[in-house]
1. Could you grab me the full set of residues in the range 34-80 that are without any contact (Cβ under 8 Å) to a residue 40 or more places away in the chain and among the hydroxyl-bearing types (Ser, Thr, Tyr)?
2. For PHE24, only one of the following conditions fails: (1) modelled with pLDDT under 95; (2) crowded, with 17+ Cβ neighbours inside 10 Å. What is its number?
3. Would you mention how many residues in the range 51-78 are among the basic types (Lys, Arg) and modelled with pLDDT under 95?
4. Here are some conditions: (1) in contact (Cβ under 8 Å) with a residue 24 or more places away in the chain; (2) closer than 21 Å to GLU75 by Cβ; (3) assigned to a helix (DSSP H, G or I). LYS4 meets all but one. Which one does it not meet?
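The values are calculated or read from the model by the stated rules, or taken from the named source; none is laboratory data. What you see is a predicted model, and the numbers here were worked out from it, not measured in a lab. Cβ sites come from the backbone with ideal geometry, for glycine too, and all protein chains shown count toward neighbours.
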Amino acid sequence: MNPKDRVAAGLLGIFLGGLGIHKFYLGYTKEGVITLLISLLTCGLGATVMTVIGFIEGIMYLTKSDDDFQYLYVENYKGWF
């Protein structure tokens, strides 16, 4: 199991969440592609929603302890929220 940095994932979610970069960082390729496609194929309209979701997820990552983050998002693959 490759440990991931919750601060890096949180900051990616906050600043690049609309593109799903935090999903790719965590290894959630399917969720990352979905986020990216929604942002691009809706001519940016869906990017607003995806940015808000990424921001919320980034805050959630940052408020978890390192152990909780590893357990929930790395080991148990919790793709959304």
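1. The answer is THR35, SER39, THR42, THR48, THR51, THR63, SER65, TYR71.
2. (1)
3. Pass one, the range 51-78, residues among the basic types (Lys, Arg): 64, 78.
Next, only the ones that are modelled with pLDDT under 95 stay: 78.
Of the residues in that region, 1 qualify.
4. So the condition that LYS4 fails would be (3).
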